[in-house]
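Below is one structure; the comments refer to it alone.
The values are calculated or read from the model by the stated rules, or taken from the named source; none is laboratory data. All figures in this text were calculated on a predicted structure; none of them were measured in a lab. Every residue, glycine as well, gets a Cβ built from its backbone with ideal geometry; the counts of neighbours run over all protein chains shown. What goes into the accessible areas is simple: the full protein's heavy atoms, side chains included, and nothing from ligands, DNA or RNA. Shrake-Rupley method; radii C 1.70, N 1.55, O 1.52, S 1.80 Å.
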Amino acid sequence: MLLRLDPRDRRPLHEQVASGLRRAIAAGDYPPGARLPPARDIAAVLDLNPNTVLRAVRDLRDEGLLEFRRGRGITVRAGMDSHSAFLERLRSFLRDADRAGYPPPEIIRLIEEMT
């Protein structure tokens, strides 16, 4: 798993970590049922506080993407990969639109014109 944080990204670090994990899952690096590395290991690689990574992982659990199992660690929940892939593409699109200067109402207007 290759997670990178962008220092220019305005999002909080835990959101960047969650986004990177979503991308890794969507790309198939972690198929359903696969175990993620411990949060402490991810934090060490990214030079972050482990609580930052734990917050990201909890967010993904709350979204239904991950499961916490006692004695088994954190695993990717079955059946969520296509949904999470769509959400990650949507988040990426919205970040790109924001960087290009499109305000949310303009994005909505463009989408409505296309449908």
### Query
When segment 19-39 is examined, which residues are found to be open to solvent by less than 60 Å² (accessible area, probe 1.4 Å) and within 17 Å of G73 (Cα to Cα)?
L21, I25, Y30, G33, A34, L36, P37, A39
### Query
Do we find that D98 is open to solvent by less than 50 Å² (accessible area, probe 1.4 Å) and within 28 Å of I111 (Cβ to Cβ) in this structure?
no
### Query
Give me the pairs: first residue in segment 23-42 and modelled with pLDDT of 85 or more, second residue among the hydroxyl-bearing types (S, T, Y) and assigned to a loop (DSSP other than H, G, I, E, B), beta-carbon distance under 9 Å, and six or more apart or on different chains, which are they?
A24/Y30; L36/Y30
## Note on the structure
Sole miss for D9 among (1) closer than 24 Å to D98 by Cβ; (2) open to solvent by 60 Å² or more (accessible area, probe 1.4 Å); (3) part of a loop (DSSP other than H, G, I, E, B) is condition (2)
### Summary
Per the filter on segment 77-91, residues of a type in the set (G, A, S) and either open to solvent by less than 40 Å² (accessible area, probe 1.4 Å) or modelled with pLDDT of 85 or more (or both) are S84, A85
### Task
Please specify each residue of segment 46-76 satisfying the condition of being over 11 Å from the mean Cα position of the chain (by Cα), surrounded by 12 or more Cβ atoms within 10 Å (Cβ to Cβ) and small (G, A, S).
G64, G73
